[in-house]
Each structure stands twice: as C-alpha cells, then as structure tokens.
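These notes concern the structure reproduced below.
The values are calculated or read from the model by the stated rules, or taken from the named source; none is laboratory data. The structure presented is a predicted model; accordingly, all values stated were derived computationally and were not measured. Using ideal geometry, Cβ is built from the backbone for each residue, glycine included, and neighbour counts are taken over all protein chains shown. Note: areas computed on protein heavy atoms with side chains; ligands, DNA, RNA excluded. Shrake-Rupley method; radii C 1.70, N 1.55, O 1.52, S 1.80 Å.
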Amino acid sequence: MRADAVRGHLDGLLLAVLESGPLHGYAIITAVQRRSGGALALRTGTIYPALNRLERLGFLRSTWQSIGERRRRCYELTDSGRRGLDTERSAWDEFTSAIGSVLNPGRAT
C-alpha cells in the first residue's frame, strides 16, 4: 500500500490501537500492521513525531517502563484521546461514505 495512503488518518490509527491499553512504539507499529493484515507498515520516523504531537495535544500520556535492561516509552489514551478517537471514527465514516458514493454510485452505503 502506498505510504501516502494513511496520510490524514494516522492519528486515528494510532489512537485506535492504543484504545485497548498502553503500548510502546514498536508494539504500536506491530499492532497497526497486524490489524491491517500486513497492508500498513508504519515507520518509526512516521509514528514518533505523531505520538509526540498527540501527547502535546493531550490525547496521549507517556511513561517510561523498564523491560529487562531496556527502557521504553509507553503511550496510553487520555479521556481527551478517547473523545478524539470517537471524532476520528465519525470523520472516517463520513469520508468513506462520500468516497463510496462517488466510486460506487449504484451501491447503497
């Protein structure tokens, strides 16, 4: 899948995989890839700036956790993040409905 295919939807993807609980960066990348059936392979250079931005906006909070000798920053949704995810889902539904109406005008959406 083209890298620009997720442009505009990255926040929703990140918020959605964090809905079930805190994850560190690599686990977020893995969750997106697994949930998309391998179609979406995000890069660390893409997600970390987005995670930092979402944290500055108050949608996420992060904590450092030690796993063995390794320290990892784990991210989790805040209440604002849950509301943001609801907004992202509504926007996605509207977007896919509008695109579907154009691409498949004869089908009910």
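Numbers at a glance
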{"quantity": "R53 being assigned to a helix (DSSP H, G or I), under 12 Å from D11 (Cα atoms), of a type in the set (K, R) and in contact with a Gly (Cβ under 8 Å, 6 or more places away or on another chain)", "calculated": "no"}
{"quantity": "Any pair with Cβ under 7 angstrom, 6 or more apart, that starts in region 66-78 at a residue that is more than 14 Å from G25 (Cα to Cα) and ends at one that is open to solvent by less than 80 Å² (accessible area, probe 1.4 Å)", "calculated": "T78/G58; T78/F59; T78/L60"}
{"quantity": "Residue within region 62-71 that is assigned to a loop (DSSP other than H, G, I, E, B) and not charged (D, E, K, R) present", "calculated": "yes"}
{"quantity": "The listed residue being touching a residue at least 12 places away in the same chain (Cβ under 8 Å) and either open to solvent by 80 Å² or more (accessible area, probe 1.4 Å) or among the β-branched types (V, I, T) (or both), out of R61, R56", "calculated": "R61"}
{"quantity": "Checklist (1) closer than 22 Å to T44 by Cα; (2) open to solvent by 90 Å² or more (accessible area, probe 1.4 Å) applied to L103, failing item", "calculated": "(1)"}
